[in-house]
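Colleague: The structure follows.
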């Protein structure tokens, strides 16, 4: 029998209300106007989220006690762990940077992982969860602030810079942190807010477990164009010093050598690290500029249509 039931989902990008039929596994629904992914059902999504979250927690715990990396220069060898890096930042008066690292690299990912484990295990056991929807909202509010992948890319860029001055040796914690980032990314790819909300609703109200959710309320922000222009202009203003001022300063034998993002790309290219140079150029220069141009064009187009 063909399931003709539908549910109304408001597009996050263009606020269009879309009648979406109840989906089966491996199916997805996209907004017909802007192409935004409204919802998707992955095969064994809850089981995979549980496994990936557990693996990520295990590798995060494994990344803390062991040596992260060591480097040898002029006969002197220094080694440190992830926790030692926080002490080094504090000792060098980078307290704010240490706090940001603790929050974005450790605290937020741990809260996300524990929150999703709480939700997924409750769903698998088919038991109503106390404050389940509150936990779900918290998880999705924190996910954009998890900077594990950014931290890892920053470490790789710094290593390339240091390679010209010292011998680098990667420790067990480095590989554990890479696996932690890998499983965290896999988990994020299987998360669908709409489907999780529907499953949580079915636990609290079993009569709605096989029925569509109520239509979502579409909130229209009439000042969105002005706010978007303000954010675009602010991003342009901040993007200029972000690329012209040094992002890192290396001190060797009492001499400081500042490096900008573009300067680091050029240095990596000259050193023969072509893949890393291309990745950094695309992620730090090409993509941000493209986003600014596209967002400005889209906002201008919408403004002229009103």
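No lab work stands behind these numbers, since they all come straight from the coordinates. Since this is a predicted model, take the numbers as computed values, not measurements. Don't worry about glycine lacking a Cβ; one is built from the backbone with ideal geometry, like all the others, and counts go over all protein chains shown.
Colleague: What nm distance separates the two modelled labels at residue 168 and residue 47, each placed 7 Å from Cα along Cα→Cβ?
Modeller: 4.0 nm
Colleague: Next question, about the same structure. Along the Cα→Cβ direction, 7 angstrom out, place labels at residue 54 and residue 303. What is the inter-label distance in nm?
Modeller: 5.3 nm
Colleague: In what sequence do 201, 50 fall when counting other Cβ within 10 Å, fewest first?
Modeller: Result, fewest neighbours first: 201, 50.
Colleague: Given a Förster distance of 22 Å, report the FRET efficiency between residue 87 and residue 66 from their Cβ-Cβ distance, rounded to the nearest 0.05.
Modeller: It comes to 0.85.
Colleague: Okay, next question. To the nearest 0.05, how large is the calculated FRET efficiency for residue 229 and residue 270 if R₀ is 45 Å and r is the Cβ-Cβ distance?
Modeller: 0.70
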